[in-house]
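To start, the structure under review is shown below, and the notes come after it.
The values are calculated or read from the model by the stated rules, or taken from the named source; none is laboratory data. All of these numbers come straight from a predicted model, not from anything done at the bench. Reconstructed Cβ throughout: ideal geometry from the backbone, glycine too, with neighbour counts over all protein chains shown.
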Amino acid sequence: MKKLNTKVLMLIATLTTLLASTVASSACYWMTYQPEEPKCLREE
C-alpha cells in the first residue's frame, strides 16, 4: 500500500510540475505582446 501511495504522489507531483511550467511559459508569451499605445495617451 505504501508503494502505491508513493507512486500516486509522484504522478501528481509530475503532473502539477508540467502544468505549472505550461502556465508559466504561456504567461511569459503573453507578456511579450504589447499593443501600440493610442495617440491620446502619449506624452509629447
**Request:** Evaluate the following for residue 28: is it part of a helix (DSSP H, G or I) and modelled with pLDDT under 75?
**Result:** yes
**Complete:** Here the residues within segment 1-21 that are in a helix (DSSP H, G or I) and either at pLDDT below 85 or touching a His at 6+ places or on another chain (Cβ under 9 Å) (or both) are 2
